[in-house]
1. Loop-only check: which chymotrypsin sites (Phe, Trp or Tyr not before Pro) in region 119-222 are DSSP coil with at most 14 other Cβ within 10 angstrom?
2. Identify all lysines with a Cα-Cα distance to residue 220 below 29 Å; exclude those on the same chain that are fewer than 8 residues away in sequence.
3. Under a crude label model (7 Å from the Cα following the beta-carbon direction), how far is residue 122 from residue 41 in nanometres?
4. State in Å² the accessible area per residue of region 36-165; use a 1.4 Å probe, count heavy atoms of protein chains only, and round to the nearest integer.
5. First compute the accessible area of region 98-222 with a 1.4 Å probe, then give the percent of it belonging to carbon and sulfur atoms.
6. Is region 44-104 rounded, prolate or oblate when judged by the Cα gyration tensor, a ≥ b ≥ c being the square roots of its eigenvalues, rounded requiring a/c under 1.5 and prolate requiring a/b larger than b/c?
7. Set the Förster distance to 41 Å, then compute FRET efficiency between residue 186 and residue 136 from the Cβ-Cβ distance, nearest 0.05.
8. Just 128, 189, 176 to compare: in a GNM of the chain, with alpha carbon springs under 10 Å, which one fluctuates most?
Amino acid sequence: DFSNLGEVTVTMIDYIKSILHDAPKEMHASAATPTTNHLFEVYQVDPVLLEKENADIYVHIVMQLLYLSQRARPDLRTAVSFLCGRLTKPDVDDYKKLTRVMKYLDCTVDMPLVLAADNTGKVQWWVDASYAIHADMKSHTGGTMSLGKGSIYSTSTKQKLVTRSSTEAEVVGAHDIMPQLIWTSNFLDGQGFSIDESILYQDNTSAILLEKNGRDSSTKRT
């Protein structure tokens, strides 16, 4: 039932405007993307921690963005995922990264999330992993699902395992997505929709061979 879609859209836009209204002045500008290439870089030696007032502002806004990214703005998901991992002791660099997200949000307030389903009977998933991107050498999984147009489901999470290669990180990434893939297929089938196949796309040839062939593509290193 999409009868209240317009109302939901207006509500989320009002929510974004309220976040921006309460944000510090330095967060009001424009940015082409929510983050830059150094998002996952962290100062390990003598980081300049935020004072309590700014740390409280940081935590408050990140929690608001977490809700927003889950409901209507999956384009913020990766940046928000990192910022959530810095809530305990945020530093000045984390605050700058949050400011970048807010500047991007400020100039994309009215950008809607458009969702649509086609009649192909296919559920398409895309999964990728960034190897050893975190300071503790853990990798990061990103995944999204579409029924035709727009991201119905998306995720961006830090992996729980320490992997030893980009291939291994990609396999763990696929493993992270598979439970949701199977659940979604079963759920849609239970609602009476005909699902012909669920397709998972990856861009790592070695990982794809391991996932398809199992032991036949394994060596002592795997």
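1. For chymotrypsin sites (Phe, Trp or Tyr not before Pro) across region 119-222 that sit outside H, G, I, E and B with at most 14 neighbouring Cβ atoms in 10 Å, the list reads 193.
2. 138, 158, 160, 212
3. Label at residue 122, label at residue 41, 3.9 nm between them.
4. For region 36-165, the per-residue accessible area is 54 Å².
5. Using a 1.4 Å probe with all protein chains present, region 98-222 comes out at 53 percent carbon and sulfur.
6. prolate
7. That pair, residue 186 with residue 136, gives E of 0.75.
8. Between 128, 189, 176, it is 189 that shows the largest mean-square fluctuation.
The values are calculated or read from the model by the stated rules, or taken from the named source; none is laboratory data. Please read all numbers here as calculations on a predicted model, not as lab measurements. Cβ sites come from the backbone with ideal geometry, for glycine too, and all protein chains shown count toward neighbours. Heavy atoms of the whole protein, side chains included, go into the accessibility calculation; ligands, DNA and RNA do not. Shrake-Rupley method; radii C 1.70, N 1.55, O 1.52, S 1.80 Å.
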